[in-house]
Amino acid sequence: MRDIVDGRWAEPSGEVETTIGDGSWALPGLADAHAHLAAEELTFQPGVFEDALRRARASLGAGVTLILDKGWSDDVTIQVIDALGPDQRPEIEAAARLLTAPGGYYPDFAHEIDPSDIGEAVAEEAKAGAGWVKLVGDWPRRGVGPVSNFSETELRRAVEVAESVGAKVAIHTMAREVPSMAVAAGAHSIEHGLFLTESDIGALGARGGMWVPTLLRNEVTLAQLGAESSGGKLFVEGLERIKRLLPLAIESGVHVLAGTDLVGSPVDVAAEARRLGDYGLSSAQVVSAVSTAVFVATGRDASFAEGTYADAVLFPENPIDDLAVLTHPSHVVRRGRLL
């Protein structure tokens with residue numbers, strides 16, 4: 001049992017005024033490790049501030065108390081962080097603008113830089129963001145397929161600069177060679193990671209790195225391309241590799257995390273978590289991937305320890321026994337406030 005004092009967990013003292021969640025199962029919150037509050041589907045428009053505010057509030061109402069927003073064409077998520085008090089929204093870590101090389105993403109969307117200037121660009125985006133810098137590590141070119149936007153040396157420079165100012169680097173990668181380059185360079189989070197290798201998994205796990213497979217996003221893209229297209233065949237192969245490597249990643253110490261990536265909003269993150277189960281994770285690992293693993297990976301205490309922020313999401317049944325319960329929390333507490 002825990003009391004709440006000034007928005008933090010405390011030992012109970014005196015008479016109990018209100019008890020919530022008697023007999024419930026508790027998590028520190030659900031978490032979306034690859035969110036984009038700027039939109040709910042892949043568009044090429046700047047974020048709309050009012051819509052991003054609505055998504056942040058709705059996410060908290062659904063039990064999401066932590067979001068890792070992986071950037072957009074603008075800083076709308078940073079504006080949301082500044083506009084809402086911590087008890088009115090999830091905890092949010094965020095990249096600002098996406099960084100890529102010329103021609104290395106959707107036209108006129110990401111911030112295109114000369115790869116030789118990556119250090120300066122990362123420093124600028126780390127200052128503008130809230131704990132993260134997002135790189136588009138590769139992108140398909142006509143007739144060639146996905147190729148790297150940056151060299152391993154440039155990626156290493158990006159990580160060094162980000163770490164020097166207290167930020168982490170997330171990297172979008174769907175090409176064959178880029179995941180290995182990103183892991184060798186020290187990237188903190190691999191987004192998608194269709195072609196990670198067993199060696200990459202070992203290195204990433206040894207340092208407690210993050211992998212956000214975004215399975216539903218990959219499957220949507222596969223459906224758009226068609227399984228028999230050249231791009232579709234790449235995705236089929238990559239998804240089969242993910243299915244083979246996910247259990248190994250957990251065993252190796254990789255923080256495998258659930259992320260929506262515009263297949264809905266953070267409200268829908270439980271659906272991505274359940275898909276991880278279809279790809280080989282146990283129910284306990286699925287619950288961790290959408291909750292405690294994200295907290296631990298980002299240096300947060302997920303134990304309801306005295307003195308930590310009073311965040312909790314309560315469920316009427318053990319979600320490990322029935323993953324569908326994740327979409328139906330009975331109570332949400334944020335910074336000691338019962339929603």
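The values are calculated or read from the model by the stated rules, or taken from the named source; none is laboratory data. Source: prediction; values computed, not measured. Every residue, glycine as well, gets a Cβ built from its backbone with ideal geometry; the counts of neighbours run over all protein chains shown.
In summary, helices (runs of 4 or more DSSP H) completely within region 173-270 and bearing 3 or more residues that are within 18 Å of residue 35 (Cβ to Cβ) occur at 215-225. Among the conditions (1) buried (at least 20 other Cβ atoms within 10 Å of the Cβ); (2) not in a strand (DSSP E or B), residue 133 misses just one, which is (2).
Yes or no: residue 104 over 19 Å from the mean Cα position of the chain (by Cα), modelled with pLDDT of 95 or more, closer than 30 Å to residue 144 by Cβ and crowded, with 23+ Cβ neighbours inside 10 Å? Answer is yes for this residue. From the residues in region 159-181 that are within 17 Å of the chain's Cα centre (by Cα) and of a type in the set (A, V, I, L, M), which one is nearest to residue 246 (Cα to Cα)? That would be 174. Just the residues that are in contact (Cβ under 8 Å) with a residue 60 or more places away in the chain, closer than 23 Å to residue 121 by Cα and in a helix (DSSP H, G or I), please, taken from region 61-100. Selection gives nothing. The set of residues in region 271-293 that are within 18 Å of residue 28 (Cα to Cα) and either hydroxyl-bearing (Ser, Thr, Tyr) or not in a helix (DSSP H, G or I) (or both) comprises 283, 288, 290, 291, 292.
Do you know which residues across region 189-232 are among the hydroxyl-bearing types (Ser, Thr, Tyr) and either over 15 Å from residue 279 (Cβ atoms) or touching a Ser or Thr at 6+ places or on another chain (Cβ under 6 Å) (or both)? Across region 189-232, the qualifying residues are 189, 197, 199, 221, 229, 230. All told, residue 170 falls short of being at pLDDT 95 or above, part of a helix (DSSP H, G or I) and either closer than 21 Å to residue 113 by Cβ or aliphatic (A, V, I, L, M) (or both). For region 150-207, which positions are in contact (Cβ under 8 Å) with a residue 24 or more places away in the chain, of a type in the set (Gly, Ala, Ser) and under 20 Å from residue 293 (Cα atoms)? Of everything in region 150-207, those that are in contact (Cβ under 8 Å) with a residue 24 or more places away in the chain, of a type in the set (Gly, Ala, Ser) and under 20 Å from residue 293 (Cα atoms) turn out to be 167, 170, 186, 187, 189, 193, 202, 205, 206. Consider region 319-333 and keep the residues that are in contact with a strand residue (DSSP E or B) (Cβ under 6 Å, 6 or more places away or on another chain) and within 25 Å of residue 212 (Cβ to Cβ). The one that is surrounded by the fewest Cβ atoms within 10 Å (Cβ to Cβ) is 325. What about residue 302, is it crowded, with 22+ Cβ neighbours inside 10 Å and either in contact (Cβ under 8 Å) with a residue 12 or more places away in the chain or of a type outside the set (Asp, Glu) (or both)? Judged against the criteria, residue 302 is not a match. Among the residues of region 7-63, the one identified as closer than 13 Å to residue 334 by Cα, in contact with a Gly (Cβ under 6 Å, 6 or more places away or on another chain) and modelled with pLDDT of 95 or more is 30. Checking each residue in region 221-235 for being crowded, with 17+ Cβ neighbours inside 10 Å, out of contact with any strand residue (DSSP E or B) (no Cβ under 9 Å at 6 or more places or on another chain) and either farther than 15 Å from residue 42 by Cβ or touching a residue at least 40 places away in the same chain (Cβ under 8 Å) (or both) picks out only 235. The residues of region 289-313 that are over 15 Å from residue 67 (Cα atoms) and either hydroxyl-bearing (Ser, Thr, Tyr) or in contact with a Pro (Cβ under 6 Å, 6 or more places away or on another chain) (or both), listed by number, are 303, 308, 309. Quick check, is residue 263 in contact with a Leu (Cβ under 7 Å, 6 or more places away or on another chain), surrounded by fewer than 24 Cβ atoms within 10 Å (Cβ to Cβ), touching a residue at least 40 places away in the same chain (Cβ under 8 Å) and under 25 Å from residue 62 (Cβ atoms)? It is true that residue 263 is in contact with a Leu (Cβ under 7 Å, 6 or more places away or on another chain), surrounded by fewer than 24 Cβ atoms within 10 Å (Cβ to Cβ), touching a residue at least 40 places away in the same chain (Cβ under 8 Å) and under 25 Å from residue 62 (Cβ atoms).
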